[in-house]
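Below is one structure; the comments refer to it alone.
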Amino acid sequence: MKTVKKVIFWVLVGFALIQFVPIDRINKPVDHTVNFVDAKKSPEKIKTLLKNACYDCHSNETVYPKYAFIAPISWSVKSHVNEGREHLNFSVWETYNIDLKANMLTKSVQTIQGKTMPMPGYIVYHKEANLSEAERSLLVQYFEGMLKSKTY
């Protein structure tokens, strides 16, 4: 029994100590002249859908939930945000070249249609990101319209 208590004690000590490992949750300032929804003058419905379902991981406007302040969960959340921004960062949209924009829009259409984005694990804690079929269709039409008209 003493061994079990020691193990539990040291696990709790370890858990307490990892809370002091710093995680950078500071968002870079958003320049609205290069931010996707502003630069493209996206309709309000599109803007709302993107902000609710995409912007936490794919912009510099991440709103970190309470659980993102508890290690080791915080490490995972930050890793997902960093990875999302590497693939597509709506906050710097106008800094991308034309080929990259077209590729990102194409991939966005594929992930929305394939229901791989927003990530299922994200939707569990963010109900507003759970897009209906109509909302998915609206985003796909918007992105495909940009691709067809080459207005990206």
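Compared with the dominant Cα axis of the chain, that is its longest principal axis, helix 2-18 is turned about 40°. Exposed loop sites here mean trypsin sites (Lys or Arg not before Pro) with a DSSP loop assignment and at most 14 other beta-carbon atoms within 10 Å; the chain contains its longest site-free run at 42-114. Comparing TYR67, TYR142, TYR122 in a Gaussian network model of the chain where C-alpha atoms under 10 Å apart are linked, the largest mean-square fluctuation is found at TYR67.
Taking the Cα centre of the range 1-73 as reference, the dipole from Cβ charges on Lys and Arg (+1) and Asp and Glu (-1) amounts to some 400 debye. Atom-type composition of the exposed protein surface of the range 55-108 places 60 percent of the accessible area on carbon and sulfur (1.4 angstrom probe).
When the chain is fully extended, how far beyond the present Cα-Cα distance does MET119 get from HIS80, taking 0.36 nm per residue of separation? All intermediate terms of the calculation are to be shown ahead of the outcome.
Values: separation 39, 0.36 × 39 = 14.04 nm, distance 1.01 nm.
Length difference between fully extended and current span is 13.0 nm.
Annotation for ALA39 and PHE15: the two label points, set 7 Å from Cα along the Cα-Cβ direction, are 4.5 nm apart.
Using a probe radius of 1.4 Å on heavy atoms only, what accessible surface per residue do you get for the range 11-80? Whole Å² is fine.
Working: 4170 Å² over 70 residues.
It amounts to 60 Å² per residue over the range 11-80.
Taking the Cα centre of the chain as reference, the dipole from Cβ charges on Lys and Arg (+1) and Asp and Glu (-1) amounts to some 520 debye. Relative to the longest principal axis of the Cα atoms of the chain, helix 133-149 runs at roughly 50 degrees. The modelled label-to-label distance between ILE8 and ASN103, using points 7 Å beyond Cα along the C-beta direction, is 5.3 nm.
Using Cα pairs under 8 angstrom and six or more residues apart, how large is the relative contact order of the chain, in percent?
On the way: 132 pairs, mean separation 39.5, N = 152.
So the answer I get is 26 percent.
Once the mean 1/r over all distinct Cα pairs of the range 43-103 is inverted, what Kirkwood radius in angstroms do you read off? Each step should come with its number before you reach the end.
On the way: mean 1/r = 0.0794 Å⁻¹.
Averaging 1/r across every pair of different Cα atoms and inverting gives 12.6 Å.
Each label point was placed 7 Å from the Cα along the Cα-to-Cβ direction; for HIS87 and GLN141 their separation is 2.5 nm. To the nearest ten degrees, helix 44-53 and the longest principal axis of the Cα atoms of the chain are 30 degrees apart. Placing unit charges on each Cβ (+1 for Lys and Arg, -1 for Asp and Glu) gives the chain a dipole about its Cα centre, and among THR106, SER59, PHE69 the Cα reaching farthest toward its positive end belongs to PHE69. I'm spelling it out carefully: the read-out is P(r) over Cα pairs in 5 Å bins from 0, in percent, the candidates are (i) 2, 11, 21, 25, 21, 13, 7, 2, 0; (ii) 2, 8, 16, 20, 17, 12, 8, 5, 4, 3, 3, 2, 1, 0, 0; (iii) 2, 8, 14, 17, 17, 13, 10, 7, 5, 4, 3, 2, 1, 0, and one was derived from this structure. Which label? Label of the calculated value: (ii). Once the C-beta distance of LYS47 and PHE69 is scaled by a Förster radius of 41 Å, the resulting FRET efficiency is 0.90 to the nearest 0.05.
The values are calculated or read from the model by the stated rules, or taken from the named source; none is laboratory data. Computed from a predicted model, the values in this text were never measured in an experiment. Reconstructed Cβ throughout: ideal geometry from the backbone, glycine too, with neighbour counts over all protein chains shown. These accessible areas exclude ligands, DNA and RNA; they are computed on the full protein's heavy atoms, side chains included. Shrake-Rupley method; radii C 1.70, N 1.55, O 1.52, S 1.80 Å.
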